[in-house]
Amino acid sequence: YLLRTAENNQQILVGFAERVTQMLPYAFEGFGLLMERGCISVADNGRIQTIPRKVRKTVDGTAETVACQKVARIVGKEFARIADRATVYTTFGIRP
């Protein structure tokens, strides 16, 4: 689904590198907080895994944050399903 969507909507790639670069500090902060709180671990193969009973499965908050959480869940599942970093990078025009 994700690969087909990216292929059919090439306009999402315009300015993608800049948007990703701007989001990096927030992503690093989020991952750091999750690691500090013991909510995630990083496996030897680089996969991020949630710790049982540490991450809520409920989606709540404002309408905007709920929408973001739902999209993040879908994108995360797609990345896990693809399970190949090189494919994901190439799809979004990033050299692996």
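Under 7 Å between Cβ atoms, at least 6 apart or on separate chains: pull out the pairs that start in region 7-28 with a residue that is farther than 25 Å from Val42 by Cα and end on any residue that is among the small types (Gly, Ala, Ser) and in a loop (DSSP other than H, G, I, E, B).
Final answer for the pair search is Leu13/Gly93; Phe16/Gly93.
Which is more than 26 Å from Arg4 (Cα to Cα), surrounded by 11 or more Cβ atoms within 10 Å (Cβ to Cβ) and modelled with pLDDT under 85, of Val42, Val59?
Values: Val42 fails: modelled with pLDDT under 85.
Unique residue meeting the criteria: Val59.
The values are calculated or read from the model by the stated rules, or taken from the named source; none is laboratory data. Please read all numbers here as calculations on a predicted model, not as lab measurements. Glycine also receives a Cβ, built like all others from the backbone with ideal geometry; neighbour counts cover every protein chain displayed.
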